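Each remark here refers to the structure printed beneath this line.
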Amino acid sequence: MRKLAIIGASGHGKVVADIARRKGYKEIVFLDDNDSIHECGGYPVIGKSTEAGTIDADVIIGIGNAGVRKQIQESLPDEKLVTLIHPDAVVAEDVVIGKGTVVMAGAVINPGVRIGKGCIINTCSSVDHDCEVGDYVHIAVGSHLCGTVSVGSGTWIGAGATVSNNTSICTDCMIGAGAVIVNDIRESGTYVGVPARRMDMEEKSVKKCGGGGYPAG
Ligand SMILES: CC(C)(COP(=O)(O)OP(=O)(O)OC[C@H]1O[C@@H](n2cnc3c(N)ncnc32)[C@H](O)[C@@H]1OP(=O)(O)O)[C@@H](O)C(=O)NCCC(=O)NCCS
């Protein structure tokens, strides 16, 4: 199989490399703008993110920050980008998944789901029937979207959060770890708790979580 270049030599990048290895990539390399990082997960860092467009390899972005992921992905030709799905994820046959999206181990994606480009469907999360997930969304570890949920682009669903069936979350939201969403969220912002309520601390929270939504870049 072809070579894969992963942009972002981070902890998340390391997990992406592990999926790539299981999917049969024989050669895996990293690109990172930090000159002091020379390897990640046992794979070499061979250049900067700006080299992704010209390298003779498939490309995927291993960066948690949605704003950065969006900026880099949209600067790349679509044909270079791949979608990576861990062999131990369960994905229904009719699911549509965009380029640059990574689906981690133990994730379950049920029939009728559409997932945009550049998303992270993280370890042991689930996306139930007929959900619509926008671009550059992160469904964090162990979080669950019940049936017919819609999540707007750039939104981060925190670890262990649950989104009740038939609810909609707008673009660029940060849903805190463990939150339970029971009503539609129509205004971008940070929401925590059970049931979830808006926090008045957007700047701070986006920084801590590596910029869940586009506004933090
Ligand atoms: C919601 C979140 C973004 C807020 O981060 P923050 O702005 O730095 O907030 P702080 O940690 O300063 O906490 C501010 C207050 O909110 C509370 N709080 C923070 N996160 C909370 C959460 N998830 N649920 C309930 N309350 C929360 C804190 O206890 C604190 O309350 P206090 O003022 O009464 O002491 C963050 O805590 C969070 O949940 N991040 C998600 C992390 C995650 O899912 N990672 C996944 C990796 S795969």
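The values are calculated or read from the model by the stated rules, or taken from the named source; none is laboratory data. The model shown is predicted, which means the values in this text are computed figures rather than measured ones. Don't worry about glycine lacking a Cβ; one is built from the backbone with ideal geometry, like all the others, and counts go over all protein chains shown.
Brief remarks follow.
- Counting only residues that are surrounded by fewer than 16 Cβ atoms within 10 Å (Cβ to Cβ) and either hydrophobic (A, V, I, L, M, F, W, C) or more than 15 Å from the ligand (Cβ to nearest atom) (or both), the stretch 181-194 holds 6 of them.
- Residue within the stretch 49-68 that is farther than 10 Å from Ile6 by Cα and in contact with an Asp or Glu (Cβ under 7 Å, 6 or more places away or on another chain) present: no
- Annotation note: Cβ proximity below 9 Å between a residue of the stretch 167-183 that is among the acidic types (Asp, Glu) and a residue that is away from the ligand (no atom under 13 Å from the Cβ) (sequence gap 6+ or interchain) occurs for Asp172/Gly152; Asp172/Ser153; Asp172/Gly154; Asp172/Ser188; Asp172/Tyr214; Asp172/Pro215.
- Boolean, Glu93 is of a type in the set (Asp, Glu), under 26 Å from Ser153 (Cα atoms) and assigned by TED's automatic domain parsing to the domain that holds Ser143: yes
- Output for the stretch 9-41, where each listed residue is hydroxyl-bearing (Ser, Thr, Tyr) and farther than 15 Å from Ile120 by Cβ: Tyr25, Ser36
- Which listed residue, of Val29, Val68, is modelled with pLDDT of 95 or more, surrounded by 15 or more Cβ atoms within 10 Å (Cβ to Cβ), closer than 19 Å to Gly116 by Cβ and not basic (Lys, Arg): Val68
Matching residues to (1) more than 13 Å from the ligand (Cβ to nearest atom); (2) surrounded by fewer than 18 Cβ atoms within 10 Å (Cβ to Cβ); (3) under 19 Å from Asn110 (Cα atoms):
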{"position": "Val141", "(1), (2), (3)": "no, yes, yes"}
{"position": "Thr148", "(1), (2), (3)": "yes, yes, yes"}
{"position": "Trp156", "(1), (2), (3)": "no, no, no"}
{"position": "Met174", "(1), (2), (3)": "no, no, no"}
{"position": "Ala179", "(1), (2), (3)": "no, no, no"}
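- Residue match in the stretch 106-115 (condition: more than 12 Å from the chain's Cα centre (by Cα), assigned by TED's automatic domain parsing to the domain that holds His12 and in a loop (DSSP other than H, G, I, E, B)): no
- Counting residues in the stretch 22-39 that are part of a strand (DSSP E or B) and over 21 Å from the mean Cα position of the chain (by Cα) gives one or more.
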